[in-house]
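Inspection log for the structure reproduced underneath, given as structure tokens.
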Amino acid sequence: MAAPARVGLRRWLSSRAPAPRICVVGSGPAGFYTAQHILKFLATGFLCSTPSCPAFLPEHHDLAQVDIYEKLPVPFGLVRFGVAPDHPEVKNVINTFTHTARSDRCAYYGNVTVGRDVTVGELQQAYHAVVLSYGAEDNRVLGIPGENLSGVYSARAFVGWYNGLPENRDKTDITDCSLAALACSKVKRVWLAGRRGPLQVAFTIKELREMINLPGTQPVLNPADFTGLENAVKDAPRPRKRLTELMIKTALEKHREKAVMAQAAVPRQWGLKFQRSPQEVLPTADGMRVRGVRMALTRLEGSGDSAKAVPTGDMEELECGLVLSSIGYRSLPLDPAVPFDTQHSIIPNNLGRVMGVPGLYCSGWVKRGPVGVIITTMNDSFDTAQSVLEDLQEGVLDVSVSKEGFGAVGSILRSRGIRPVSFSEWEKIDAAEVARGKAAGKPREKIVDPQEMLQLIGH
Ligand SMILES: Cc1cc2nc3c(=O)[nH]c(=O)nc-3n(C[C@H](O)[C@H](O)[C@H](O)COP(=O)(O)OP(=O)(O)OC[C@H]3O[C@@H](n4cnc5c(N)ncnc54)[C@H](O)[C@@H]3O)c2cc1C
């Protein structure tokens with residue numbers, strides 16, 4: 001590391017030069033955790049707390065300003081539009097994000113689609129560093145015949161529908177309606193089919209427990225699927241071992257119960273179908289809707305997480321009236337100026353530094369792919385923020401040049417007729433949603449139409 005650069009930064013800091021301006025694209029967990037980490041270190045002035053260290057920065061210096069741009073009027077990404085409504089405790093991270101957004105050094109600009117309303121190049125002109133944290137908004141497709149039949153949806157669209165995501169609102173008006181629709185559902189049985197076996201399932205023990213304890217439903221697990229697995233997981237990592245043991249216990253218990261209850265009517269059932277790979281969605285006689293899925297049976301080659309499913313040549317037809325494909329989310333390229341790895345659908349990067357573009361960074365699902373929960377995203381975003389801090393500290397980012405930040409971007413947006421939503425305006429929308437929810441005894445009733453949101457705040 002070039003020591004003169006550190007000295008340069010310290011001299012620049014003590015000269016009360018303009019603050020480093022950093023811009024974050026996307027207001028999901030990745031965006032907010034990146035902003036939080038940068039602000040935490042630069043707002044207190046400590047990259048290092050030892051005054052003799054070259055990385056020590058003076059306290060209370062007028063340091064970084066972080067601006068967050070978000071395409072929707074409302075913030076928080078998948079915390080609002082992905083996390084299940086019956087997991088309110090997960091949504092408590094919103095309190096931390098709100099604390100960050102209310103900081104004097106942080107500004108939120110909703111209703112701005114980067115790549116359309118303003119380019120990444122324009123942001124780079126206006127900011128010393130730009131962090132792309134725009135998530136994974138598309139879904140992977142099965143790529144099999146019949147996938148476009150009526151009655152086939154992506155899990156992403158289904159989640160968006162019950163969570164009131166604006167782009168999915170045509171399937172309902174408000175989340176109240178989706179709840180009402182689900183309450184009248186005639187669905188009696190849900191099969192979760194996967195290519196591999198019980199030792200490769202990707203759900204957690206918490207999720208399995210919730211499914212097992214769903215009122216009015218019965219799990220249907222075939223004990224034969226678990227033969228010999230108790231021994232196989234003896235030395236497996238503890239989470240995998242406990243998860244497998246719970247599946248085995250459930251399969252055996254429910255098998256016994258089934259024998260006792262014989263014909264007893266259970267309103268609803270769900271079950272796991274292992275080693276099945278969908279080959280074709282089958283149409284009804286009129287060719288309009290789904291009537292089932294043709295599955296290839298598979299055998300496993302290898303073991304553990306790296307086991308591969310290989311078709312045996314045998315086929316099976318599974319009758320159903322609705323197919324939800326849940327094979328993963330996918331990021332899309334944002335702007336031709338930003339490198340994109342189309343094979344893995346991520347921005348190629350090294351510890352969050354976008355390859356070949358100094359001053360450009362990425363965090364969250366667009367950085368590492370659509371896997372991991374909020375805590376994984378938090379750690380990953382802190383790593384990216386750390387890269388930004390190191391580059392500031394080491395002089396990789398030229399902070400001697402004054403950048404206008406929102407001063408410049410605001411003019412561009414005005415000239416294009418775009419009016420951003422501020423965080424205090426979002427708080428008005430929030431208050432209206434909470435008030436609407438109160439009447440129904442809910443934490444909030446989401447407004448799903450962006451136009452209605454904008455009208456509410458006088459745009
Ligand atoms: C259905 C579902 C349920 C989940 N449940 C849980 C759970 O219970 N617990 C848990 O810990 N994790 C859960 N997760 C995982 C968690 O949501 C992710 O780890 C996390 O949201 C990823 O954060 P992100 O910021 O990378 O992406 P996102 O949360 O998707 O945020 C990206 C943001 O960028 C914005 N954006 C997109 N394009 C642009 C653009 N062009 N310009 C400006 N802004 C843009 C989006 O509108 C969005 O606000 C769940 C995920 C899903 C899909």
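The values are calculated or read from the model by the stated rules, or taken from the named source; none is laboratory data. Fair warning: this is a prediction, and the values are worked out from it, not measured in the lab. All Cβ positions, glycine included, derive from the backbone under ideal geometry; neighbour counts span all protein chains shown. In case anyone asks, the SASA skips ligands and DNA or RNA and just uses the protein heavy atoms, side chains included. Shrake-Rupley method; radii C 1.70, N 1.55, O 1.52, S 1.80 Å.
Before moving on, here are some points about what is shown:
- Here LEU392 clears all of (1) within 12 Å of the ligand (Cβ to nearest atom); (2) crowded, with 20+ Cβ neighbours inside 10 Å except the condition numbered (1).
- Test result for ASP398, within 30 Å of ALA337 (Cα to Cα), open to solvent by 70 Å² or more (accessible area, probe 1.4 Å) and assigned to a helix (DSSP H, G or I): no
- Scanning region 210-243 for residues that are closer than 16 Å to LEU192 by Cα and assigned to a loop (DSSP other than H, G, I, E, B) yields LEU214, LEU221, ASN222.
- Residue check, ALA440 without any contact (Cβ under 8 Å) to a residue 12 or more places away in the chain, open to solvent by 40 Å² or more (accessible area, probe 1.4 Å) and more than 20 Å from GLN36 (Cα to Cα): no
- The set of residues in region 173-209 being among the aliphatic types (A, V, I, L, M), in a loop (DSSP other than H, G, I, E, B) and over 25 Å from SER306 (Cβ atoms) consists of ILE174, VAL187.
- Whichever residue in region 368-382 is open to solvent by less than 70 Å² (accessible area, probe 1.4 Å) and in a loop (DSSP other than H, G, I, E, B) and, among such residues, is nearest to VAL93 (Cα to Cα): GLY372
- The set of residues in region 141-151 being within 21 Å of LYS367 (Cα to Cα) and either open to solvent by less than 30 Å² (accessible area, probe 1.4 Å) or of a type in the set (Phe, Trp, Tyr) (or both) is empty.
- Looking at LYS446, LYS438, LYS428, just one residue is in contact with a Ser or Thr (Cβ under 8 Å, 6 or more places away or on another chain) and over 18 Å from VAL120 (Cα atoms), and that residue is LYS446.
- Filter pass, ALA385 being exposed (fewer than 13 other Cβ atoms within 10 Å of the Cβ) and aliphatic (A, V, I, L, M): no
- Number of positions in region 317-343 that are surrounded by 15 or more Cβ atoms within 10 Å (Cβ to Cβ) and not in a loop (DSSP other than H, G, I, E, B): 6
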